[in-house]
Every structure is written in C-alpha cells, then in structure tokens.
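Would you mind keeping the following structure in view while I ask a few things?
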Amino acid sequence: MPMFPTERAVRTTPEGLLWEPSERWVRGVKGDVTVVDSRHPVLVWEPGVPVPLYAFPRAEVREDLLRPAKNPPTDAHTGSRVFYDLEVAGESTGNAAWTFPAADLADHIAFEWFRRVGRGLDHWYEEAEEIFIHPRDPHKRVDAIAGSRHVRVEIAGTVVADTRRPVLVFETGLPTRYYIPREDVRLDLFHPTDRSTGCPYKGTAEYWSWRGESDVPPNIVWSYPDPLPAVGAVKGLLAFYNEEVDITVDGELQERPITPFSRKPSST
C-alpha cells in the first residue's frame, strides 16, 4: 500500500543528517538565470541547525553552470568534501553548492541562499511564491490569531503599549509574540532604524529602537507592513521582544524567555 505524504518518516543518515522528500515545486535563480528547477526536492536538516535547506536531484540542476570549487571549505555542511563554484553571466560565486557526504544524498546538490549567508542563489520560489532566508519547515506551525487579552508592555517601568485587541502569533519553538495596534503603542518613545529582515513564514520586517537611556538592545520593536497571506492579521501591528521587555497578560507578568534572540535581537 502506498504511503500518504504525512506518513513519510524522516530519514536519518550515519552522519547525523535528517532528510525527507518534499512535493513542492522549487526554483532557484541567480540573476536572470534559473539554476534549479525541481519537482523532487529533498529537505535536509544538518546537526545542530534548527532550520532546513533543500537538496536537489542532479537532473534538476544546471550542472553546466557548476565548476569544482577553487577553494573548498574543510569544515562546512556536516563534513561535505565536494563543493562547487557557480558561474553565471561571467560572474563566479565561490562554494555556492555542494553535495553531502551521506550515501542517501549522493545524487543531490544543495545550494547556499544569498539572503541567509551573503552568497549563493538570489531568489527562491516554492510553487509561485517567493520564499526568503531558508525553506519553510513542514513540521513547524505559525498561527496568527486575533485575541481580546489585556496586554501591557513596559520598558524600565514605562508603559509603552497597552491593548485589549492583540493578535497572538504562536510559532513552533518560539515564545508567543503579541502584535499590538499602532494606536495602542507609544511609538513616540522609539525611533525607526534601517534594519530589515526576511522571514519565510511572515515576510519582511521593519524595526524601531528605544529612545530612552535604559540598557535596551536596539531594534526591540518590529512590524510587518506587508506580511505573507498566512499571517495577514499582523499587517502593520507592532511586536516587542519578550526576552527584553516586561509583558503583562491579563494581569500576569510573563517570565522573560531565554531564546536565540535574547540580549541582541536580530530577527523574528
């Protein structure tokens, strides 16, 4: 009996890689050239890395654009030894692609994502929608739900936001984020920054920093002016890093969580 997609088990390799097939149509572009056009991608999780990447069957990759790497790294991507430079329109990108050492993935090629590491393919698409930073994890959920809880946010004893109409974002592996209407935020206490980050689940965020003198990390507030459809309810709302501010929900002060974003927030 054939397996349903939801019944597929994640495979494990002796090198510690986890992988599973995906049924999404994935394309990767460098400049105006489509380098990857795959209907049989594989999602790969490297040891200690919380987000996946894609690897693709060689037949669905423009191998004619790949050259053996001139200066391959020795400690990247779970001990991979075969790296490629990418040549497109006379421009060479070093170590843009590689093959994993696992026998299960020997016939697949993975690529760096420019918006994640500063080199690699410029744009990626799942079906007809562009995605950013890394592939979406099929085992992760991001739900934006309108609420009526009383949420108050304080920084150094100053109330900077107070609302009874938040949108709560529940994202696997992260604390609940409370998105607050601008009218309920003392935005005059913050100044906009030039920081911008991309998220494959929510879109592109803009940021504000605290104007006060307290020991508060920069870019403590963010907003998605044009979020992806799945989280459209957060459009234009403002969120604070729970890790660095005091948030009280329905009269109960929330414990500050310890996450990768503690002390120096860098993305949402």
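Is it the case that A239 is in contact with a Cys (Cβ under 8 Å, 6 or more places away or on another chain), open to solvent by less than 20 Å² (accessible area, probe 1.4 Å), closer than 17 Å to E171 by Cα and outside any loop (DSSP other than H, G, I, E, B)?
no
What number goes with the only condition from (1) within 20 Å of the chain's Cα centre (by Cα); (2) among the aliphatic types (A, V, I, L, M); (3) farther than 28 Å from D226 by Cα that L53 does not pass?
(3)
Within the range 220-236, can you find the residues that are open to solvent by less than 10 Å² (accessible area, probe 1.4 Å), small (G, A, S) and in a loop (DSSP other than H, G, I, E, B)?
Scanning the range 220-236 gives no hits.
Which residues, taken from the range 92-112, are closer than 15 Å to E15 by Cβ and crowded, with 20+ Cβ neighbours inside 10 Å?
If the condition is that a residue be closer than 15 Å to E15 by Cβ and crowded, with 20+ Cβ neighbours inside 10 Å, then W98, F100, A102, L105, H108, A110 are the ones that fit.
Within the range 28-44, is even one residue at pLDDT 95 or above, among the basic types (K, R) and open to solvent by 60 Å² or more (accessible area, probe 1.4 Å)?
There is at least one residue in the range 28-44 that is at pLDDT 95 or above, among the basic types (K, R) and open to solvent by 60 Å² or more (accessible area, probe 1.4 Å).
Right, next: Starting from the range 46-72, keep only residues that are free of Cβ contacts under 8 Å to residues at least 60 places away in the same chain and within 20 Å of S92 (Cβ to Cβ), then list their pairs with residues that are open to solvent by 30 Å² or more (accessible area, probe 1.4 Å) and aromatic (F, W, Y) whose Cβ atoms are within a distance under 7 Å, requiring at least 6 positions of separation or different chains.
L66/Y84; R67/Y84; P68/Y84; A69/Y84
Could you check the range 24-67 for strands (runs of 3 or more DSSP E) lying wholly inside it with 1 or more residues that are aliphatic (A, V, I, L, M) and more than 23 Å from P101 (Cβ to Cβ)?
Passing ranges, in order: 26-30, 33-38.
For residues that are buried (at least 20 other Cβ atoms within 10 Å of the Cβ) and part of a loop (DSSP other than H, G, I, E, B), tally how many sit in the range 201-218.
2
With (1) assigned to a helix (DSSP H, G or I); (2) in contact with a Gly (Cβ under 9 Å, 6 or more places away or on another chain) as the list, and T78 as the residue in question, which single condition is left unmet?
(1)
Further question: Does E63 satisfy being over 22 Å from the mean Cα position of the chain (by Cα) and not small (G, A, S)?
yes
Open to solvent by 30 Å² or more (accessible area, probe 1.4 Å) and in contact with a His (Cβ under 9 Å, 6 or more places away or on another chain): does that describe R115?
In short, yes.
Please enumerate the residues belonging to the range 75-91 that are under 26 Å from the mean Cα position of the chain (by Cα) and open to solvent by 70 Å² or more (accessible area, probe 1.4 Å).
D75
Considering only the range 126-156, state which residues are open to solvent by less than 60 Å² (accessible area, probe 1.4 Å) and either assigned to a strand (DSSP E or B) or without any contact (Cβ under 8 Å) to a residue 60 or more places away in the chain (or both).
Correct list: E126, E130, I131, V142, D143, A144, G147, V151, V153, E154, I155.
The values are calculated or read from the model by the stated rules, or taken from the named source; none is laboratory data. Every value quoted in this text rests on a predicted model; they were computed, and no experiment measured them. Every residue, glycine among them, receives a Cβ derived from its backbone with ideal geometry; neighbour counts consider all protein chains shown. With ligands, DNA and RNA removed, areas are computed over all heavy atoms of the protein, side chains included. Shrake-Rupley method; radii C 1.70, N 1.55, O 1.52, S 1.80 Å.
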